[in-house]
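Structure, as structure tokens:
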Amino acid sequence: MNSIAIRELTKQFGRTRAVDRLTFDVVPGRVTGFLGPNGAGKSTTMRLLLGLDRITSGTATIAGRRFGELPDPLRRVGALLDAQSAHGGRTARDHLRFLAAAGRIPPTRVEEVLEQAGIASAARRRIKTFSLGMRQRLGIAAALLGDPGVLLLDEPTNGLDPEGIIWIRELMRSLAAEGRTVLVSSHLMSETAALADHLVVLGRGRLLADSSMRDFIDARSAPRARLRTTDPGRLREALARDGLDLVTAEGGRWTVDGIRAGELGTMAAREGIPLLELVDERASLEQAYLDLTAEHAPFAATR
């Protein structure tokens, strides 16, 4: 399997502990969102996993091996850490050809990923003429070059236009559906919510959460149901017996705090009260994330 295993991973820079005894797994078949405030240790963890920084203690392995021990590592792992690192004087095609030769990847693969990333028409242009979004697409093309089973992407939607964001979202989900391991770091909560199945959240180098998207949000959401009914008076009386209030909301709807939709539906059915709409109101990923990380952000503006 192409699972990523992080065990007691620690990285010390002088007196600063950038990564502090991290332990978590990233498994195939799902997109794992890698979240945390600036300085939380996400990029450092990825660099340690790829052998770009020396580990102070602990281990970071892919399929049970360190990155440097993998046979044909560019075929096993694709990574996008810094889309600006490509040599500006090279053309996009030459940049990918150089990487393919280094990784013993067939040159025909270069044309395939140029098409896949939507930059085939710009293949002969020098990279220094590329916009930020085009550089991101080139970086993603490079990550896909070896058709790897593991993908590590740091802020892959940075600089992409709406079409590009939709493309990367669908691409990551399709790769995970093929059984690949996909770890995506991002600061965009809306995109992470649309993309990820599972979340790993860091704060000041430590693990704050490792759970499914649904469990992460539910754990930080107080129960609340939203509904429409033709008989709010009777429903208010029934709720009052359990110490609950019916509160007016927008669009002719009502909300009830402290109860799930399933429980409210059972109560309404028992009382014979018609409900035209009934759903749980859950916190957004952004709300849940901010609630968890509020005390772990090293840089925060005053209000």
Being among the aliphatic types (A, V, I, L, M), at pLDDT below 95, over 30 Å from Arg47 (Cβ atoms) and in contact with a helix residue (DSSP H, G or I) (Cβ under 8 Å, 6 or more places away or on another chain) is true for just one of Ala193, Ala225, Ala261. Which residue is that? Ala225
Identity of the residue in segment 218-248, loosely packed, with under 14 Cβ neighbours inside 10 Å and under 28 Å from Leu285 (Cβ atoms), that ends up nearest to the chain's Cα centre (by Cα): Ala219
Only one of Met172, Met189, Met134 is over 25 Å from Gly103 (Cα atoms) and assigned by TED's automatic domain parsing to the domain that holds Phe98. Can you tell me which? Met189
Inspect segment 30-45 for any residue being touching an Asp or Glu at 6+ places or on another chain (Cβ under 8 Å) and either farther than 22 Å from Val150 by Cβ or surrounded by fewer than 17 Cβ atoms within 10 Å (Cβ to Cβ) (or both) and give the result as yes or no. no
Identify all residues within segment 77-95 that are out of contact with any Lys or Arg (no Cβ under 8 Å at 6 or more places or on another chain), surrounded by 18 or more Cβ atoms within 10 Å (Cβ to Cβ) and part of a helix (DSSP H, G or I); write none if there are none. His95
Is it the case, given these coordinates, that Pro71 is without any contact (Cβ under 8 Å) to a residue 12 or more places away in the chain, in contact with a helix residue (DSSP H, G or I) (Cβ under 8 Å, 6 or more places away or on another chain) and either farther than 26 Å from Glu295 by Cα or in a helix (DSSP H, G or I) (or both)? no
Tell me the residue from Arg7, Arg17 that is surrounded by fewer than 15 Cβ atoms within 10 Å (Cβ to Cβ), part of a strand (DSSP E or B), out of contact with any Pro (no Cβ under 6 Å at 6 or more places or on another chain) and touching a residue at least 40 places away in the same chain (Cβ under 8 Å), please. Arg7
Residues located in segment 137-157, provided they are farther than 22 Å from Gly103 by Cβ and out of contact with any helix residue (DSSP H, G or I) (no Cβ under 6 Å at 6 or more places or on another chain): Glu155
Please return the ranges of helices (runs of 4 or more DSSP H) entirely within segment 185-303 where 3 or more residues are touching a strand residue (DSSP E or B) at 6+ places or on another chain (Cβ under 7 Å) and either among the small types (Gly, Ala, Ser) or touching a residue at least 12 places away in the same chain (Cβ under 8 Å) (or both). 232-240, 261-271, 285-293
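The values are calculated or read from the model by the stated rules, or taken from the named source; none is laboratory data. Just so we're clear, the structure is a prediction, and the values are computed from it rather than from any experiment. FYI the Cβ positions are ideal-geometry reconstructions off the backbone, even for glycines, and counts take in every protein chain you see.
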